Each structure stands twice: as C-alpha cells, then as structure tokens.
C-alpha cells in the first residue's frame with residue numbers, strides 16, 4: 001500500500017496549567033493506520049472526524065492512562081472537541097506519584113506520544129486502492145493514553161514534524177513484518 005500524501009504532526013500544546021495539572025492536545029486524526037484483516041490482507045483504517053461520525057458521550061470523564069493499561073490511571077479527560085479533523089482533549093493529571101512523574105515528563109517535552117482507545121461503530125465509507133482498501137469508520141472513544149509508540153504519528157503533545165512518504169512506507173513495511181512474525 002503506497003501512501004502518497006505528506007502528513008504533518010500538529011501537536012502544539014493548547015492551554016496548559018501546571019497548577020491545575022491540565023493540558024490540551026490532539027489525540028486522533030484521519031491518519032490511515034494499516035490493519036490486518038485476518039484473511040492475509042491489509043487495509044487502511046481511518047477514523048472519520050466528521051461530527052456525525054464521532055460519539056463523544058463517553059470521553060468526558062474517561063481515564064487518561066499510561067500505555068493503555070487500565071490499572072495505570074494517571075488522569076481524567078475533562079473536555080473534548082472535534083476541530084480541523086482532529087479530536088482535541090483537555091486532560092487533568094492526578095496527584096499520585098506516577099501521574100506526577102508523567103506530567104513532569106510531558107511538560108518537559110520528554111513524553112509526547114498519545115493514543116486513543118475506541119470502539120468502531122460502523123463503516124461510513126469505502127475506497128478501493130490499487131493495492132488494497134481504505135475504510136472510514138464511525139467510532140466512539142473511551143480512553144486516552146500517554147504511550148511510547150503511537151499508531152497515529154500525526155497527533156501528540158508539543159511538537160511538529162513532517163513525515164515523508166518514505167517513512168510511512170517503511171513504517172507500514174515494519175508493521176506487516178511484525179504481523180507476519182507473530183502469525
């Protein structure tokens with residue numbers, strides 16, 4: 001699968017308040033993520049960010065986790081909105097020791113990657129590609145995480161970086177190789 005367009009990370013921190021331990025940042029976009037169908041085929045999954053395709057009812061009050069681990073709650077999501085085809089959240093970090101350490105790393109620019117846990121609700125659009133398919137889904141987010149390696153490299157906290165086609169193709173190749181090794 002060849003991805004032809006260039007993507008940019010748009011991750012400037014929105015409002016942040018160190019006293020209240022809150023930060024606003026993007027957690028999802030319409031970046032195509034390569035998925036394995038189980039039929040020896042790969043496809044691109046895109047989370048539609050049209051307002052009617054995103055159910056935000058569970059994200060306010062949802063946990064902010066570390067590495068998607070349910071026992072590692074480091075905060076709570078206090079606000080969410082769709083803006084410029086991205087989901088932006090306002091997260092408040094806990095006062096517990098682990099959360100304080102992560103918050104310091106975030107505000108120091110050490111931890112920048114984020115991810116989102118979600119349920120797919122249905123396919124809203126299909127596209128045939130030369131070497132596969134692309135599916136746009138309606139979806140419902142239920143948690144956000146600070147992670148080491150994100151599926152969507154165009155979102156996160158406090159940086160901006162161009163991602164060229166070569167890097168995306170290499171990333172896709174690595175994903176396919178890892179899946180083949182696991183199988």
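The values are calculated or read from the model by the stated rules, or taken from the named source; none is laboratory data. Please read these numbers as outputs of a predicted model, since none were measured by experiment. Because the Cβ atoms are built from the backbone with ideal geometry, glycine has one as well, and the counts that use them run over all protein chains shown.
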Flag if residue 79 is modelled with pLDDT of 95 or more and touching a helix residue (DSSP H, G or I) at 6+ places or on another chain (Cβ under 7 Å): no
Look through 40, 108 and report the one residue that is under 16 Å from residue 157 (Cα atoms) and modelled with pLDDT under 95. 108
Please tell me if residue 56 is within 14 Å of the chain's Cα centre (by Cα), touching a residue at least 24 places away in the same chain (Cβ under 8 Å) and surrounded by 15 or more Cβ atoms within 10 Å (Cβ to Cβ). no
So which pairs qualify, if the first residue must be in region 113-127 and on the phi > 0 side of the Ramachandran plot and surrounded by fewer than 14 Cβ atoms within 10 Å (Cβ to Cβ), the second must be in a strand (DSSP E or B) and modelled with pLDDT under 95, the Cβ gap must be under 9 Å, and the two must be at least 6 apart or on different chains? none
